[in-house]
Amino acid sequence: MKKNKTKQGWLIGLVIGLVVLIGIVVGMYNSLVKSEQAVESQWSQVETVLQRRYDLIPNLVNAVKGSMKHEDKVFSEIATARKAYGSASTTSEKIKANAQLDQSVGTLVSVIGENYPKLQSNENVQTLMTQLEGSENRISVERRRYNQAIEAYNKSVATFPKNLMAGMMGFEKKTYFKADTNASKAPVVDLDD
């Protein structure tokens, strides 16, 4: 009888040990999968902010260009009229130049009064600069978070005993985000295209 009880004890112990071992393996595997998913999710966020910049910046640049062209036209007309008035030598030339100046200033006042189209290139440029800065900050934050997720994942894959499981199950270290070699050059925003 004692032999049977000893065998049963060993068998129960073996089954419990096996269940615990399977639980540990499953736990490690799930932990690695969650960590890998966190890395992929964070990269997706990096791509989201890159796409935002890609979509937003050209539209803002075009808005700035559009309002600057309109302002250039109005202020160019005023400058031309002022120059004509300054170079006028006769009364009739001064009257004619003054009429041009009045018309140009009237156009400016009318545009400002109607608020259509707005003369706001300074505001648009400020908006562009703010959005550029905001986009670059968002990208920087998301890249940092991505590298933090990579660090946590790589630590998980490289530390014992998960490294044994990771190797057998195909989990490999991931590469950190690194700046492009051209990233050290300042980007150019050209409003003259």
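Among all positions in region 121-131, there is at least one residue which is at pLDDT below 70, more than 30 Å from residue 28 (Cα to Cα) and crowded, with 17+ Cβ neighbours inside 10 Å. Of everything in region 12-69 that is at pLDDT 80 or above and either touching an Asp or Glu at 6+ places or on another chain (Cβ under 8 Å) or outside any helix (DSSP H, G or I) (or both), the residue that is farthest from residue 124 (Cα to Cα) is 42.
For residue 78, the conditions (1) under 30 Å from residue 154 (Cα atoms); (2) out of contact with any Pro (no Cβ under 9 Å at 6 or more places or on another chain); (3) aliphatic (A, V, I, L, M) all hold with the exception of (1).
Scanning region 8-25 for residues that are more than 49 Å from the chain's Cα centre (by Cα) and small (Gly, Ala, Ser) returns 9, 13, 17.
Considering region 3-41 alone, what residues qualify as being surrounded by 10 or more Cβ atoms within 10 Å (Cβ to Cβ) and polar (S, T, N, Q)?
Quick first cut of region 3-41, residues surrounded by 10 or more Cβ atoms within 10 Å (Cβ to Cβ) only: 6-41.
Correct list: 6, 8, 30, 31, 35, 37, 41.
Annotation: of all residues in region 136-152 being among the hydrophobic types (A, V, I, L, M, F, W, C) and within 13 Å of residue 173 (Cα to Cα), the one that is surrounded by the fewest Cβ atoms within 10 Å (Cβ to Cβ) is 152.
May I ask you to verify whether residue 100 is more than 30 Å from residue 41 (Cβ to Cβ), modelled with pLDDT of 70 or more and more than 18 Å from the chain's Cα centre (by Cα)? Reasoning before the result, please.
Details: more than 30 Å from residue 41 (Cβ to Cβ): yes; modelled with pLDDT of 70 or more: yes; more than 18 Å from the chain's Cα centre (by Cα): yes.
Answer is yes for this residue.
Restricting to region 19-75, name every residue that is of a type in the set (A, V, I, L, M, F, W, C) and under 25 Å from residue 177 (Cα atoms).
Taking region 19-75 and keeping what is of a type in the set (A, V, I, L, M, F, W, C), we get 19-22, 24-26, 28, 32-33, 38-39, 43, 46, 49-50, 56-57, 60-61, 63-64, 68, 74-75.
Across region 19-75, the qualifying residues are 32, 33, 38, 39, 43, 46, 49, 50, 56, 57.
Scanning region 167-193 for residues that are over 19 Å from residue 42 (Cβ atoms) and either hydrophobic (A, V, I, L, M, F, W, C) or at pLDDT 85 or above (or both) returns 167, 168, 169, 170, 183, 186, 188, 189, 191.
Pairing residues of region 37-48 that are under 18 Å from residue 154 (Cα atoms) with residues that are part of a helix (DSSP H, G or I) and not hydrophobic (A, V, I, L, M, F, W, C), at Cβ distances under 6 Å and at least 6 apart in sequence or on separate chains, gives 39/153; 42/145; 42/146; 43/146.
The values are calculated or read from the model by the stated rules, or taken from the named source; none is laboratory data. Please read these numbers as outputs of a predicted model, since none were measured by experiment. So basically every Cβ, Gly included, is an ideal-geometry build from the backbone, and we count neighbours across all protein chains shown.
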